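In what follows, a structure is listed as structure tokens, so that the remarks can point back to it.
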Amino acid sequence: MNAGRFEGQSELTRYFQAVAREEMMNAEQEAEVAREWLRTGRQRLADRLVNANLRFVIKIALEYRNYGFPLLDLIQEGNVGLVRAVKSYDPDKGYRLISYGVWWIRAFIQEYILKNWSLVKIGTTQLQRRLFNNLQSSQKRLQRLVEAGGQEGASREALARSVGGTVADVEEMERRLSGRDLSLDLSYGDEDSSFTFHDRLADEGGNAESLLVEEQYRHVQSRELRRALEQLEERERYILVARRLQDDALTLRELGDKLGISKERVRQLENRAMESLRNCLSAAYAADGALSV
């Protein structure tokens, strides 16, 4: 039965009524139909197994209604999980279909919530998935513990240990689940207000004066660096540029091969060039206080 055909409260009621009319099966009937389904692959037999267990999907979906998603959407995802369970159900292992299918039902509902909760995805790691799966029931236990005079932090530590994470991981997942996406174009304040949440974002860029100072500082640095390089011996300048000032830096061995000297000699010339460069820039800094070496 496709829950997606029902929308809104009255449609939800009609879906509940339709599910209630579906005939349930006892263990013997279910096993017989399941064996026949495995033997023949007839779709009507699979449909009968699914329809007989739809009310259990509703019960499980109701556990997730506080996440803010339409209940029919959650039921629909749970139904898909039930269909998946029917495909691999083996009645000869001694358990009922719903006992096996409850894992698939929860998995599909939780996957739907994780994918649609936020533009910033959650549940992208195994740790986050374990936290999500445990957090709902753990939050209820946490609330009961606090009401009984227990310590909130101790419960978070226990949950963190059980999933192999930290208290910070638990707190982060709690924050992500307690908030939803908010459009920056929404107005705030009075209904007639023209201000949006976008207007409240802080401008993290510098002001015009600080940007101008930074630009002048970079200009002075570049000018003094060129002057300092011009005072170096030609071979030292070539080594310094090739080693420090170009994106595709050359190795000591590559420079040694180009210049016909050993890589140790290249290292000595590079160190001498760096020392000369520092001295030149230090002198420029001492002269006008505009540079930092």
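None of the figures in this text is laboratory data; all of them are computed from the coordinates on show. This is a predicted model, so every value here is computed, not measured. Virtual Cβ from ideal backbone geometry, glycine too; neighbours counted across all protein chains shown.
Some notes on this structure:
- Rounded if a/c under 1.5, otherwise prolate or oblate - region 210-288, Cα gyration tensor axes: prolate
- Here region 1-116 is assigned +1 on the Cβ of each Lys and Arg and -1 on the Cβ of each Asp and Glu. Its dipole about the Cα centre then comes out at about 100 debye.
- For region 210-288, size of Cβ-based charge dipole, Lys and Arg +1, Asp and Glu -1, in debye: 240
- Using θ = phi - 60° and Karplus 6.51 cos²θ - 1.76 cosθ + 1.60, couplings along region 253-259 (whole Hz; Gly, Pro as x): 5, 4, 5, x, 5, 5, 9
- Spin-label zone in region 81-107 - amide nitrogen under 15 Å from a point set 7 Å from the Cα of Arg39 along the C-beta vector: 91-92
- The Cα center of region 17-36 and the Cα center of region 40-88 differ in position by 14 Å.
- Computed 3J(HN,Hα) for region 91-98, one whole-Hz value per residue from the Karplus formula 6.51 cos²θ - 1.76 cosθ + 1.60 where θ = phi - 60°, is x, 7, 8, x, 10, 6, 4, 5, glycine and proline marked x.
- Derived scalar couplings ³J(HN,Hα) [region 46-52; Karplus, 6.51 cos²θ - 1.76 cosθ + 1.60; whole Hz; x for Gly, Pro]: 5, 4, 5, 5, 5, 4, 6
- Ranking Gln246, Gly260, Ala283 by how far each Cα lies toward the positive end of the dipole of region 210-288 (charges on Cβ) leaves Gly260 at the top.
- Between Arg226 and Glu23, the modelled label-to-label distance comes to 9.2 nm, taking each label 7 Å out from Cα in the direction of the beta carbon.
- Judged by the mean number of other Cβ atoms found within 10 Å, the most tightly packed of the peptides 269-277, 56-64, 17-25 leads the ranking 56-64, 269-277, 17-25.
- Taking amide H as placed 1.01 Å from N in the peptide plane, the amide H of Thr166 sits under 5 Å from none that are at least 5 places away or on another chain.
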